[in-house]
Structures are given as structure tokens and as C-alpha cells.
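As C-alpha cells, the structure follows; a few thoughts come after it.
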Amino acid sequence: MKTPRLPAVALAACLALTTACAPMACATTSASATTDLHLQLPRPTGADPVGRDILSLVDTSRKDPWVPQSGPRRLMLSLYYPARSATGDPAPYMTEQEAASLVQRKVPGTGLTAEAISGTRTYARTGARPEPGRHPLVVLSPGLGLPRASLTALAEDLASRGYVVASIDHAYESSGTTFPGAGLLTCAPLCDQPRPPEGGKATITKNRAKDVSFVLDQLTGRHPAWKHARLIDAKRIGMAGHSLGGDATSATMLTDPRVKAGINLDGTINATLPATGFGDRPFLLIGSQSDHSPGKDHTWDATWPVLNGWKRWLTVAQADHDSFTDLSIAASKAGLPDPGTIAAERGIAITRAYVTAFFDQHLKGRAQPLLDAPDRGNPEVAFHSP
């Protein structure tokens, strides 16, 4: 996770929906500016319509690590897939109750409403008939305290380009996720504590690695839990994560060889890599220029030499921590980002372009010149090789 510039409580109040917001700035934003806010994600760039299913999973072999008395470990998945046509109903961004929790925990007093956020226009449709064939699977893991919805624009784009995408909410790790039989679970057991759990954030990422391995078991095993699991090519699995989710990608690759390629989006790396790294498996580091250029994040500096397979270290000028997520759209429309921050739509476009190029090259075997050198069409993106 990105190193906080504010105290943890103040940072939590601003992190999800603003890219550069001090607590006072959050509190003084005019509510009238966002009363009639209509939010819309960028349209997917691929040729395929997108379908979406919701899947609840329960790992009965594990107690929840943060609230053991709650019972077994729970996970919620949004599964995106290439569809034959735009049939079915529009997929909601999140429930209004989940959006209300996000507003209350992250940006109280800004005028951003649960109705506006839950009503964000998406492009996936529930009940859409899947495109036949077998497709690579990409697992997405959000930052700590952020919902899986924060990576919706990326998930929809990947699905429109021929990927199945499993975006995960980890119980008690998001601003608020509704679980069947358990109601709305928030990150209070982790986020409201004065210090991280024993072992620090590495403990969280190790547990996420167990979550992801369980998800892969359920999606690619002999008796899959998802009705469209036949769409997945289990030999072509990748993972990407934002913030702590990027760290979880590292932790998962250390323990699960099924993940063939990984991406860290602006996340500090708490997982300690051995000298052998991930073997010959490829890994992409992409983050903000201000925080993840060489010498800015010692965890990236330490990780780079032990990445022994294909690797790239990219930074994006003027990007903030949320520039890699679609929650920056709400911040932009509400007038919250610092004027020097990259435009929300531009940050999403860059994220989509490089993430898709990486997986196209390493899961589909299609060479991508975009990953070889700086590109004139993306002048914000710098390549590093310290």
C-alpha cells in the first residue's frame, strides 16, 4: 500500500474518492456541487459486449482471520466475461447501502451521495449470453478499504477484449460489502485499529493469497462454483491488484504457480521475495511518478533486482494513488482532485492500455511494442531500469 502522507485516520477519510485531498478540503466541499451528479465510467475499448455475474464463496476450511467469531472466510466476486450480445440487464456499480458505507467511511461531508455513486453508469450486463470459447482469466484485488467496484472500468475493458475477470472483495477489507446471510461487512476490524495486525500488512497480503488460491480452486476445479466456468482457460491465469492488492499479487505468485503473470498498480510491496523471485514468470510494476520512481519506494527498489523473468518498471507523471482506479471519476466530477493531477479518464486509459498489453503479451502470446519503450502516444509513462 502507498505510504501515507497523512495520519492513517485522515488518509482513510480521503483515499477512495479523491486523489489529493486534505481532511479540511474534504469537509468544506460544497454539497450542492454534487447533488445532481451523474457518474459514468469510460466505455470499454474492446469489440465484445460484457456480461457480469456475482458469486459468493465461503471457504469452510478457514476461519475469518480478522473476525474469527464470524465463522468461515467469505469472499464476494464480480465475474466479467465476453458476451455474444448486450442482452440482459445493466449491471449496477454497487448497492446503495454499500455506496453509503463508502461515503461515510471515506469522504464524509463532500456532498458525494450514495445514490450518485451506486448509480454510476457501467457497461456490463447481468444475464448476458457468454461468447463461446476458452479465455484467459485475470484476477483483480483492490486496495485495503476499497471495494472491488473500484476496478470496474479495468474489469469491463479486459472482458471486452476477450478475458474472464474475477474481481474479489475480501471480507472485512473493503469500505462495505454485502454478504449473503451476514449483511454489510466493513473494514472496521482492520482499518479502525491503531496498528496493523501482528506481522504488519504482510499478514493481510498472505491471507489474500490464500483467498485467491481458494477462488482459483472454485473457478477451475473439477466441480466449479460458477455456471460459466467452462469459459476459463486454467492454463492462462494472471493477476493484477491496486495498492495492497498489488502487494497481494506478489504474495499470491510466491505461493501459487497457477498465476502465470502479475501486475502491481501503485502498491508498496510487503511480501519478501526470495533471490529467485517468481522464476521466469513476468511481472509489471506501474505506479505514480511522485511515489514510485527509483529511490522513492524502497520496496520497489529491493524487489526489482530479484525479478528474474520478463519485467518492466513504469511510472505515470501527475498520477495519484487513485488515478489507477475508476473512483477517480467521482472525485473529478465533484471537483476534488488537485489541479495538477492527471485527468481521471486519462489515468484510466493509461491503466487499461498497459494492463491489457501486458496480459495480451504474456497470456495470449501477442507481442506488444507498447511494453518495449516509451511511446509517443503516452508521454506521461516513463520506463525505468535502475
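The values are calculated or read from the model by the stated rules, or taken from the named source; none is laboratory data. As the structure is a prediction and not an experimental result, all values here were calculated from the model. Cβ sites come from the backbone with ideal geometry, for glycine too, and all protein chains shown count toward neighbours.
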Please work out which residue is nearest to D320 (Cα to Cα), limiting yourself to the stretch 131-144 and to residues that are part of a loop (DSSP other than H, G, I, E, B) and within 11 Å of the chain's Cα centre (by Cα).
G143
Please enumerate the residues belonging to the stretch 192-220 that are over 21 Å from A155 (Cβ atoms) and within 18 Å of the chain's Cα centre (by Cα).
K201, A202, I204, K206, N207, K210
Please find, within the stretch 312-348, the residue that is surrounded by the most Cβ atoms within 10 Å (Cβ to Cβ) out of those that are within 22 Å of A261 (Cβ to Cβ) and among the β-branched types (V, I, T).
T325
Subset of the stretch 44-78, residues touching a Pro at 6+ places or on another chain (Cβ under 9 Å) and of a type in the set (K, R), comes to R62, K63, R73, R74
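Pick from D53, D59, D89: which is of a type in the set (D, E) and under 15 Å from A166 (Cα atoms)?
On inspection, the qualifying residue turns out to be D53.
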Residues being buried (at least 21 other Cβ atoms within 10 Å of the Cβ) and farther than 25 Å from R84 by Cβ - total across the stretch 217-244:
6
Report, by residue number, each residue of the stretch 177-188 that is under 18 Å from R148 (Cβ atoms) and of a type outside the set (A, V, I, L, M, F, W, C).
T177, T178, P180, G183, T186
Answer yes or no: is there a residue in the stretch 311-320 that is at pLDDT below 95 and under 20 Å from the mean Cα position of the chain (by Cα).
yes
Check off (1) in a loop (DSSP other than H, G, I, E, B); (2) under 20 Å from G241 (Cβ atoms); (3) out of contact with any strand residue (DSSP E or B) (no Cβ under 7 Å at 6 or more places or on another chain) for G267 and give me the number that stays unchecked.
(3)
Failed item, numbered, when M94 is tested on (1) closer than 24 Å to D157 by Cα; (2) of a type in the set (A, V, I, L, M); (3) more than 21 Å from the chain's Cα centre (by Cα):
(3)
Of (1) touching an Asp or Glu at 6+ places or on another chain (Cβ under 9 Å); (2) of a type outside the set (S, T, Y); (3) modelled with pLDDT of 95 or more, D169 fails just (1)
For residues in the stretch 259-277 being free of Cβ contacts under 8 Å to residues at least 60 places away in the same chain and of a type in the set (G, A, S), which is surrounded by the most Cβ atoms within 10 Å (Cβ to Cβ)?
G262
Please give the number of the condition L158 fails out of (1) assigned to a helix (DSSP H, G or I); (2) without any contact (Cβ under 8 Å) to a residue 60 or more places away in the chain.
(2)
Might you check whether a residue that is surrounded by fewer than 21 Cβ atoms within 10 Å (Cβ to Cβ), in a strand (DSSP E or B), at pLDDT 95 or above and not polar (S, T, N, Q) occurs anywhere in the stretch 245-258?
no
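Scan the stretch 188-216 for residues that are outside any helix (DSSP H, G or I) and surrounded by 15 or more Cβ atoms within 10 Å (Cβ to Cβ) and report the count.
Counting residues in the stretch 188-216 that are outside any helix (DSSP H, G or I) and surrounded by 15 or more Cβ atoms within 10 Å (Cβ to Cβ) gives 2.
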Can you run down the residue pairs with Cβ atoms below 8 Å, 6 or more apart or on separate chains, where the first is in the stretch 166-192 and closer than 23 Å to L137 by Cβ and the partner is of a type in the set (D, E) and surrounded by 17 or more Cβ atoms within 10 Å (Cβ to Cβ)?
I168/D211; H170/D211; A171/D64; T177/E98; T177/D169
A234: assigned to a strand (DSSP E or B), within 20 Å of D360 (Cβ to Cβ), modelled with pLDDT of 95 or more and under 16 Å from the mean Cα position of the chain (by Cα), yes or no?
no
Every residue from the stretch 339-376 that is without any contact (Cβ under 8 Å) to a residue 40 or more places away in the chain, basic (K, R) and in contact with a helix residue (DSSP H, G or I) (Cβ under 8 Å, 6 or more places away or on another chain):
R366
Among the residues of the stretch 287-297, are any surrounded by 20 or more Cβ atoms within 10 Å (Cβ to Cβ) and among the basic types (K, R)?
no
Residue in the stretch 271-284 that is closer than 25 Å to P196 by Cα, in contact with a strand residue (DSSP E or B) (Cβ under 9 Å, 6 or more places away or on another chain) and modelled with pLDDT of 95 or more present
no
Quick check: anything in the stretch 291-311 touching a Leu at 6+ places or on another chain (Cβ under 9 Å) and among the polar types (S, T, N, Q)?
yes
